[in-house]
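Accompanying notes for the structure given below.
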Amino acid sequence: MWVRVSCKLEMAFEVPSPMILLLRPRSDSRQWVSRDHYGVWPALPIYEFTDIFGNQCQRLLSPAGSLQLEVSSDVHVAPAIERRPGAAFVEVQDLPDETLTYLAPSRYCESDRLGGLAARISGHCRPGYEQVQAISEWIHRKLEYRTKSDPVPISAEEVLERGHGVCRDFAHVGIALCRSLSIPARITVGYLHRLEPMDLHAWFEAFVGGKWYVFDPTRSTLGGGRVCLGHGRDAADVPVFTQFGPPVLPTRMDVTVDAIPGP
């Protein structure tokens, strides 16, 4: 299916502020970007680079005053998410080198503290995909999903203590529990067609059976129409904007995802 995704962002700065942004999808084996628009007002030089996770990032220096960004892309994505019950657990010694960074505990995913819980949740499952599916379903049942955006990320343990969280928090719990079972897991941020209320979204992926598979514990069913902006170990690696200087929050952020005819 073809989708048109867009994000309009407005901010106001007291002083000139360097920024790093993650707002432009890139083509890969799962998605193809056929049209891309990136506008910034006032007109500023933008430098693009690829970070250590392969994400396409932009750097700019915002002047004091108002800054407006508008990003829009037409992207071909799968209408349904690939599932593979039975995909086997991959022994650590057989994992590809690039997956190993997604095994270790990270800032918001304390996998070294959640092994007991992960074993209780998935101990009855065949190692691999079924374990991850059990974890995702457990999170969906046990935690309250709140859609109101929370600007401050919290860790998996904190989410479990609170009993509720936003999509990013659900992903952190899933990632930490998977890693505690020696299953590589990473966060993904991006767009989801028919998300209500519409906003940027986060989910997680786990590496089983030699591939990365999508899991989204905020949903009762795993829908397609997903456009990835970036992957990382946890939310600290994939903020859609990082601003340096006196803290500033967006005065406006509008996100749209619309199905469109193919080109």
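None of the figures in this text is laboratory data; all of them are computed from the coordinates on show. What you see is a predicted model; the values in this text were computed from it and never measured. Note: ideal-geometry Cβ built from the backbone for every residue, glycine included; neighbour counts use all protein chains shown.
Each peptide in 35-43, 105-113 was scored by the mean count of other Cβ atoms within 10 Å over its residues; highest first, the order is 105-113, 35-43. Each residue of the range 211-219 is assigned a 3J(HN,Hα), and the resulting list reads 9, 8, 10, 7, 9, 9, x, 7, 10 Hz, derived from the Karplus form 6.51 cos²θ - 1.76 cosθ + 1.60 (θ = phi - 60°), x at Gly and Pro.
Over the range 1-100, Cα pairs under 8 Å with separation of 6+ residues give a relative contact order of 42 percent. Among C57, C178, C125, sorting on how many other beta-carbon atoms sit within 10 Å of each Cβ, with the fewest leading, yields C125, C57, C178. Normalising the Debye intensity of the range 1-102 to I(0), with uniform scatterers on Cα atoms only, and taking log10 at q = 0.10, 0.11, 0.15, 0.19 Å⁻¹ returns -0.44, -0.52, -0.80, -1.03.
Counting every pair of alpha carbons in the chain, the share spaced more than 28 Å apart comes to 35 percent. The residues packed around V257, meaning those with a beta-carbon under 12 Å from its beta-carbon, carry a net charge of -2 if Lys and Arg are +1 and Asp and Glu are -1. For S106, the residues whose amide H sits under 5 Å from its own are S111, ignoring neighbours fewer than 5 places away on the same chain, with H placed 1.01 Å from N.
Computed from Cα atoms, the angle from the helix 167-180 axis to the main principal axis of the chain rounds to 40 degrees. Packing here is the average count of other Cβ atoms within 10 Å per residue, and on that basis the peptides 237-248, 218-229, 129-140, highest first, run 129-140, 218-229, 237-248.
Placing one equal scatterer on every Cα of the range 92-237 and applying the Debye formula, the log10 ratio I(q)/I(0) at q = 0.12, 0.14, 0.18, 0.22 Å⁻¹ is -0.42, -0.58, -0.99, -1.54. The convex hull defined by the C-alpha atoms of the range 116-174 has an orientation-averaged projected area of 4.0 nm².
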